[in-house]
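All remarks here apply to the structure that follows.
The values are calculated or read from the model by the stated rules, or taken from the named source; none is laboratory data. What you see is a predicted model, and the numbers here were worked out from it, not measured in a lab. Note: ideal-geometry Cβ built from the backbone for every residue, glycine included; neighbour counts use all protein chains shown. Please note that ligands, DNA and RNA were not included when accessible areas were found on the heavy atoms of the full protein model with its side chains. Shrake-Rupley method; radii C 1.70, N 1.55, O 1.52, S 1.80 Å.
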Amino acid sequence: MTDSLTVIDDTRATAGGPLTSRPHSHGLVPTGSPAERFMSRTPDDFEEPSVRVEDWKFAPLRTLRPLLAGTPSDAQLRLDSTVPAGVELLTVAADDAVVQSVPQPTDRLGALAWDLSGDALVVRVPDGLEVAEPILLELAGDDTNPLVWNKIVIDLGVRSRATVIIEYTGLAKYAAVTSALVGDGASLDLVQIQNWDTGSLHNDHVGARLGAGSSYRHVSISLGGTVARLTPTVAFAGPGAKAELVGLAFAGPGQYQEARLYVDHSVPDCQSNVLYKTALEGDTSRTAWVGDVRIRPAATGTQTYELNRNLLLADGARADSVPNLEIETGEIVSAGHASATGRFDDLQLFYLQSRGIPEVEARKLVVRGFFVEVLNHIALTSLRERLLRDVETRLGAS
Amino acid sequence: MATDSSATETPYPSTPSHTLEVRDLHVAVDGTPILKGVNLKVSSGQTHAIMGPNGSGKSTLAYSIAGHPKYTVTSGEVLLDGVDVLGLTVDARARAGLFLEMQYPVEVPGVSVSNFLRTAATAVRGEAPKLRDWAREVSGAMVDLEMDPAFAGRNVNEGFSGGEKKRHEILQMALLRPKIAILDETDSGLDVDALRVVSAGVNQVRATGVGTLLITHYTRILRYIEPDFVHVFFDGRIVESGGKELATILEDEGYARFGSAEPASV
Ligand SMILES: Nc1ncnc2c1ncn2[C@@H]1O[C@H](COP(=O)(O)OP(=O)(O)OP(=O)(O)O)[C@@H](O)[C@H]1O
Ligand SMILES: [Mg+2]
């Protein structure tokens, strides 16, 4: 562990908890999450969300009510796209075979988004095409604060390579099923940047299916909005694939950021690496991170590691953190997870201030430093620098 | 307090003179009184050594002057050029010209040394140093301290060895050019070569006229950094002051004659 957080609790923490740290290298840690994940596109297959249902136990259900009500709407977000040559951006009917093949939602709101959205927005990268320039989808809500249901499919052909950046701005109540189909030997970086205006709600089932020998990096940057709740899942369709799931969230007063991950190792020799960091400011800020990793009997040679760090900048902030590793074969390379929630380190603050750096700036330096590890996973320099600026702006704003 | 021959190291004539004055300082930690009336005056160009047994309150004095929130000043004054610094925030004290080299420098993950140094220099100098001059200044100071340039890209104190942390502290002192510097056990954990390099670094800064308060347990460093005054710290106060010869006496005799806290070994 490189950061020197004052560790409060390794699983579920609010400020003021006991001082413990418990990194695990192995083993079963029971949570409420079932090992076999129920998936469906039919909303009524799922229980009504309530605090008693694992998927919804941390989420602000009242705030999410406009989405959970499941009211049909044809409203769309405005789309500005930058699509490099060779890449196709299409609107495809929901009954199309590719669209039908995407991973299924894991909860009711995901199923509602599937059910209530119409055609899918499909980004297709043909077999063998390596796109250096990022594919940019800028989605914006307008001041009518629309209710939007959406399907996005990112479909990478065999041995292709691309970076897709989806940025969300403006005001909306948005629920989507975003899917990543990564062909054999292909490589996808999918970056979602939640820069919503205050008042926005965002629920997203981000399901990835990885072909043999492919690599997938999902980056979630949650800075704005009132609620952002992402449920990234990874399914391995062939051996030798690599998944990296990284996330950065900053929750200010009244904000809720959740990431609920499910990585399902079902074939041999795949790797998964999870790194999520959140910082919480203000007494009413909330985050939740649930990292479920399952290693099925057939998934020999698996390597997996999960790390979640939460930095509490205010006494009343609350970060829930639930790592969960289920191992059903002994024939793995490595499996581990660590989670820590801690308060701001006053010693760091003193040290920086003792060098003349004013408190506000010193705090920003420390929080920025906390996030740098996550941003270092972003391969594209221009994007990394831009996100660092976004983070700095966000830190300055509250 | 008698000045001796080593006081020939006077500041450059052009250097304005500054004075840090500690008057009857009482400090408590979590309600426990630690400092019990410290009096001390350090001026530009002077080097004062403080020696005293473990737990006597030397670091407490250093931290209290710097403004560490853990320490509560219950009475007394700390004046820099006649201005009370106790009312200032930690960062304002640093900008006023105080520097504390810490016994245990703190790791700051994700913050690079170069970013940290530049941010600090910008704050202390009141404007961002020009990039070209700054790069030269930093690399020059790093060469002087025999630091690998790669340190600039590493995170502050993260994974630094004990000796590397000390060099990094002195690097900051060289770049921030304080009026008065407090060095808390700069020599601890240094091998002989590192001690020579770090001492040379301190001496370079001293030569610019900084007033120095050097906390140490050993005369070893005092052979490199010659003090003008040596103070014996015992049970939260200065109990004796003298010239550099006092250090040798202390090293030979220990602190037994100053009180019962450290009974003389028979
Ligand atoms: N929270 C606390 N409550 C009570 N006493 C404390 C507390 N923190 C520190 N002290 C005590 O204050 C005293 C002075 O500590 P300080 O670190 O200033 O000593 P020092 O002279 O620098 O010692 P050393 O030579 O070992 O560095 C010690 O006896 C220490 O135990
Ligand atoms: Mg000490």
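Take the conditions touching a residue at least 40 places away in the same chain (Cβ under 8 Å), open to solvent by less than 50 Å² (accessible area, probe 1.4 Å) and within 13 Å of chain A (Cβ to nearest Cβ) and apply them to B:Ala174. Does it pass? So that I can check it myself, show each step before the final result.
On the way: touching a residue at least 40 places away in the same chain (Cβ under 8 Å): no; open to solvent by less than 50 Å² (accessible area, probe 1.4 Å): yes; within 13 Å of chain A (Cβ to nearest Cβ): yes.
No; evaluated as a whole, the condition is false for this residue.
Restricting attention to the stretch A:286-316, which residues are over 21 Å from A:Gly240 (Cα atoms) and of a type in the set (Asp, Glu)? Give the derivation first.
If we filter the stretch A:286-316 for residues that are over 21 Å from A:Gly240 (Cα atoms), which is where we start, we get A:286-291, A:307-316.
Result: A:Asp315, single match.
Looking at (1) assigned to a strand (DSSP E or B); (2) over 26 Å from A:Leu280 (Cα atoms); (3) not small (Gly, Ala, Ser), which is the only condition A:Thr300 fails?
Of everything listed in (1) assigned to a strand (DSSP E or B); (2) over 26 Å from A:Leu280 (Cα atoms); (3) not small (Gly, Ala, Ser), A:Thr300 misses just condition (1).
Considering only residues that are under 24 Å from B:Arg220 (Cβ atoms), open to solvent by 30 Å² or more (accessible area, probe 1.4 Å) and not small (Gly, Ala, Ser), look in the stretch B:32-62 and name the one that is farthest from ligand 1 (Cβ to nearest atom).
Restricting to residues being under 24 Å from B:Arg220 (Cβ atoms), open to solvent by 30 Å² or more (accessible area, probe 1.4 Å) and not small (Gly, Ala, Ser), the top hit is B:Gln46.
On the basis of being within 20 Å of the chain's Cα centre (by Cα) and of a type in the set (Lys, Arg), does A:Arg394 make the cut?
Numbers: within 20 Å of the chain's Cα centre (by Cα): yes; of a type in the set (Lys, Arg): yes.
Yes, satisfied.
Residues being open to solvent by less than 10 Å² (accessible area, probe 1.4 Å) and either in a strand (DSSP E or B) or β-branched (Val, Ile, Thr) (or both): count how many of those fall in the stretch A:210-221. Give the steps one after another, and end with the answer.
First, the residues of the stretch A:210-221 that are open to solvent by less than 10 Å² (accessible area, probe 1.4 Å): A:210-211, A:214, A:216, A:218-221.
Pick out the ones that are also either in a strand (DSSP E or B) or β-branched (Val, Ile, Thr) (or both) and you get A:210, A:216, A:218-221.
Counting residues in the stretch A:210-221 that are open to solvent by less than 10 Å² (accessible area, probe 1.4 Å) and either in a strand (DSSP E or B) or β-branched (Val, Ile, Thr) (or both) gives 6.
Residue by residue, here is whether (1) within 14 Å of chain A (Cβ to nearest Cβ); (2) within 16 Å of ligand 2 (Cβ to nearest atom); (3) under 21 Å from B:Arg23 (Cα atoms) holds:
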{"position": "B:Glu185", "(1), (2), (3)": "no, yes, no"}
{"position": "B:Asn203", "(1), (2), (3)": "no, no, no"}
{"position": "B:Thr208", "(1), (2), (3)": "no, no, no"}
{"position": "B:Tyr218", "(1), (2), (3)": "no, yes, no"}
{"position": "B:Glu226", "(1), (2), (3)": "no, no, no"}
{"position": "B:Val230", "(1), (2), (3)": "no, no, yes"}
{"position": "B:Phe258", "(1), (2), (3)": "no, no, no"}
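Can you tell which of B:Leu79, B:Leu100 is within 16 Å of ligand 2 (Cβ to nearest atom), assigned to a strand (DSSP E or B) and at pLDDT 95 or above?
B:Leu100
Test B:Ala174 against the criterion of being modelled with pLDDT under 90 and farther than 16 Å from B:Gln46 by Cα, and give yes or no. Show your work before the answer.
Details: modelled with pLDDT under 90: no; farther than 16 Å from B:Gln46 by Cα: yes.
No: the conditions fail for B:Ala174.
Go through the stretch A:352-376 and give me each residue that's among the hydrophobic types (A, V, I, L, M, F, W, C), without any contact (Cβ under 8 Å) to a residue 60 or more places away in the chain, surrounded by 18 or more Cβ atoms within 10 Å (Cβ to Cβ) and in a helix (DSSP H, G or I). So that I can check it myself, show each step before the final result.
Going through the stretch A:352-376, the residues among the hydrophobic types (A, V, I, L, M, F, W, C) turn out to be A:352, A:357, A:360, A:362, A:365-367, A:370-372, A:374-375.
When the remaining residues are screened for being without any contact (Cβ under 8 Å) to a residue 60 or more places away in the chain, the result is A:352, A:357, A:360, A:362, A:365-366, A:372.
From what's left, surrounded by 18 or more Cβ atoms within 10 Å (Cβ to Cβ): A:352, A:357, A:362, A:365-366, A:372.
Within the stretch A:352-376, A:Leu352, A:Ala362, A:Leu365, A:Val366, A:Val372 meet the criteria.
Looking at B:Arg136, B:Arg93, which is the one that is within 12 Å of chain A (Cβ to nearest Cβ) and either in contact with a His (Cβ under 7 Å, 6 or more places away or on another chain) or more than 16 Å from ligand 2 (Cβ to nearest atom) (or both)? Give the steps one after another, and end with the answer.
Details: B:Arg136 fails: within 12 Å of chain A (Cβ to nearest Cβ).
Exactly one residue qualifies, and that residue is B:Arg93.
Would you confirm, using the coordinates I've provided, whether A:Ala132 is outside any strand (DSSP E or B), of a type in the set (A, V, I, L, M) and out of contact with any helix residue (DSSP H, G or I) (no Cβ under 7 Å at 6 or more places or on another chain)? Outline the logic, then answer.
Details: outside any strand (DSSP E or B): yes; of a type in the set (A, V, I, L, M): yes; out of contact with any helix residue (DSSP H, G or I) (no Cβ under 7 Å at 6 or more places or on another chain): yes.
In short, yes.
Among B:Gly201, B:Gly163, which is open to solvent by less than 60 Å² (accessible area, probe 1.4 Å), more than 24 Å from B:Gly52 (Cβ to Cβ), in contact with a helix residue (DSSP H, G or I) (Cβ under 7 Å, 6 or more places away or on another chain) and modelled with pLDDT under 95? Steps first, answer last, please.
Details: B:Gly163 fails: more than 24 Å from B:Gly52 (Cβ to Cβ).
One residue alone meets the criteria, B:Gly201.
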